[in-house]
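So the structure is just underneath, and the comments pick up after that.
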Amino acid sequence: MQDILLRDLDDAGILRLTLNDPARRNALSEAMLGELGRAFAEAGSDPAVRVVILAANGPAFCAGHDLKEMTAGRSGPDRGKAYFTGVMTLCSSVMQAIVNCPKPVIAEVSGVATAAGCQLVASCDLAVAADTARFSTPGVLIGLFCSTPMVALSRNVSNKHAMEMLLTGDMMPAGRAEEIGLVNRSVAPEALQEVTMAMARKIASRSSMTLATGKRAFYAQREMPLSQAYEYASGVMVENMLASDAEEGIGAFIEKRAPQWQDR
């Protein structure tokens, strides 16, 4: 039986998770969501993992929910309400696991990312896309507004750009996705992995304690009013200053030498 999620950890601490169900366009089936949830939980607690790359095999990065699987879920006496509730809860937990993972997560998008697949990209901390990749939230085309993808999308791009995607369902080319901030950059397909790996290696060379501190603080403060955000971030900065790696990093900068991280 084929593994639908491949895992590969290199010597630099870069974990590559590859969606590997191209026949179903890497849809977020219950099985795929379960695999992703476990993978991010394990990555978050594994000190050997410093950065996670989320990639995919096949022409589609991720086509969103498996609509055939969802349709089969309608067979219950409640017309699928309990089943749909469970699937949406599971999907939402996976997206939050990405955000809450203390390790930086980079989406490497080589193909089409639609609906919850677009949500998956938006949930990652960073994203690099092939210039042939495309993005959309096309739920309106089938009578199902992309309400959960909207959560991640609206936290990455401006309201009007998000609403344009959600209300029209149109496909967006990678270059435009870069312009509106959905991805960090779009590159030639043959350079995609090289560019993503270069970004991952740079991040992996930093103190993992510092990265975890910063990622957690970034997502926490952006939901706060300005004064509360500054109060919170100031407290984080004080605690960070007291950490061993901050003392080492500042000392190394002053002494003009490379820092030796202890990740604490």
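Looking at (1) surrounded by fewer than 18 Cβ atoms within 10 Å (Cβ to Cβ); (2) out of contact with any Phe, Trp or Tyr (no Cβ under 9 Å at 6 or more places or on another chain), which is the one condition that is false for Thr213?
Unmet condition: (1).
Identify, from the list Ser205, Ser244, Ser227, the residue that is surrounded by fewer than 16 Cβ atoms within 10 Å (Cβ to Cβ), within 17 Å of Pro104 (Cβ to Cβ), hydroxyl-bearing (Ser, Thr, Tyr) and modelled with pLDDT of 95 or more.
On the way: Ser244 fails: within 17 Å of Pro104 (Cβ to Cβ); Ser227 fails: within 17 Å of Pro104 (Cβ to Cβ).
Residue meeting the stated conditions: Ser205.
Can you name every residue in the stretch 13-29 that is surrounded by fewer than 17 Cβ atoms within 10 Å (Cβ to Cβ) and in contact with a strand residue (DSSP E or B) (Cβ under 8 Å, 6 or more places away or on another chain)?
The one that is surrounded by fewer than 17 Cβ atoms within 10 Å (Cβ to Cβ) and in contact with a strand residue (DSSP E or B) (Cβ under 8 Å, 6 or more places away or on another chain): Pro22.
Does at least one position in the stretch 47-61 carry a residue that is more than 17 Å from Leu166 (Cβ to Cβ), aromatic (Phe, Trp, Tyr) and assigned to a helix (DSSP H, G or I)? Don't jump to the end; show me each part of the working.
Going residue by residue through the stretch 47-61, those that are more than 17 Å from Leu166 (Cβ to Cβ) are 47-61.
Filter once more, so that each one left must be aromatic (Phe, Trp, Tyr): 61.
Applying the additional criterion that residues be assigned to a helix (DSSP H, G or I) yields none.
No, the stretch 47-61 has no match at all.
Take Leu28 and decide whether it is farther than 26 Å from Ala198 by Cα, modelled with pLDDT of 95 or more and touching a His at 6+ places or on another chain (Cβ under 7 Å).
So Leu28 fits the description; yes.
Quick one: which helices (runs of 4 or more DSSP H) sit completely within the stretch 141-257 and have at least 3 residues that are assigned by TED's automatic domain parsing to the domain that holds Ala12, of a type in the set (A, V, I, L, M, F, W, C) and closer than 26 Å to Ala43 by Cα? Outline the logic, then answer.
Values: elements: 147-154, 159-168, 174-180, 192-204, 208-221, 226-241, 244-255.
Hits in the stretch 141-257: 147-154, 192-204.
Which one is surrounded by the most Cβ atoms within 10 Å (Cβ to Cβ), of the residues in the stretch 104-137 that are under 10 Å from the mean Cα position of the chain (by Cα) and in a strand (DSSP E or B)?
Ala127
Taking the stretch 52-73, which residues are in contact with a helix residue (DSSP H, G or I) (Cβ under 6 Å, 6 or more places away or on another chain) and among the small types (Gly, Ala, Ser)?
Listed by number, the residues that qualify are Gly58, Ala63, Gly64, Gly73.
Please tell me if Gly44 is part of a helix (DSSP H, G or I), under 26 Å from Ser136 (Cβ atoms) and out of contact with any Ser or Thr (no Cβ under 7 Å at 6 or more places or on another chain).
On the way: part of a helix (DSSP H, G or I): yes; under 26 Å from Ser136 (Cβ atoms): no; out of contact with any Ser or Thr (no Cβ under 7 Å at 6 or more places or on another chain): yes.
Judged against the criteria, Gly44 is not a match.
Kindly indicate the residue of the stretch 2-41 that is assigned to a strand (DSSP E or B) and among the aliphatic types (A, V, I, L, M) and also farthest from Ile106 (Cα to Cα) among those meeting that condition.
Per the criteria, the residue is Leu28.
Collect the residues in the stretch 30-47 that are among the aliphatic types (A, V, I, L, M), surrounded by 16 or more Cβ atoms within 10 Å (Cβ to Cβ) and without any contact (Cβ under 8 Å) to a residue 60 or more places away in the chain, keeping them in residue-number order.
Met32, Ala39
Test Met171 against the criterion of being touching a Lys or Arg at 6+ places or on another chain (Cβ under 9 Å) and loosely packed, with under 15 Cβ neighbours inside 10 Å, and give yes or no.
Taking the combined requirement at face value, the residue satisfies it.
Return a yes/no flag: does the stretch 115-131 have any residue that is β-branched (Val, Ile, Thr), in contact with a Ser or Thr (Cβ under 9 Å, 6 or more places away or on another chain), in the same structural domain as Thr168 (by TED's automatic domain parsing) and within 21 Å of Phe218 (Cα to Cα).
Scanning the stretch 115-131 turns up at least one residue that is β-branched (Val, Ile, Thr), in contact with a Ser or Thr (Cβ under 9 Å, 6 or more places away or on another chain), in the same structural domain as Thr168 (by TED's automatic domain parsing) and within 21 Å of Phe218 (Cα to Cα).
The values are calculated or read from the model by the stated rules, or taken from the named source; none is laboratory data. These numbers were taken from a predicted model, which means no experiment stands behind them. Here Cβ is always computed from backbone atoms with ideal geometry, including for glycine, and neighbour counts include all displayed protein chains.
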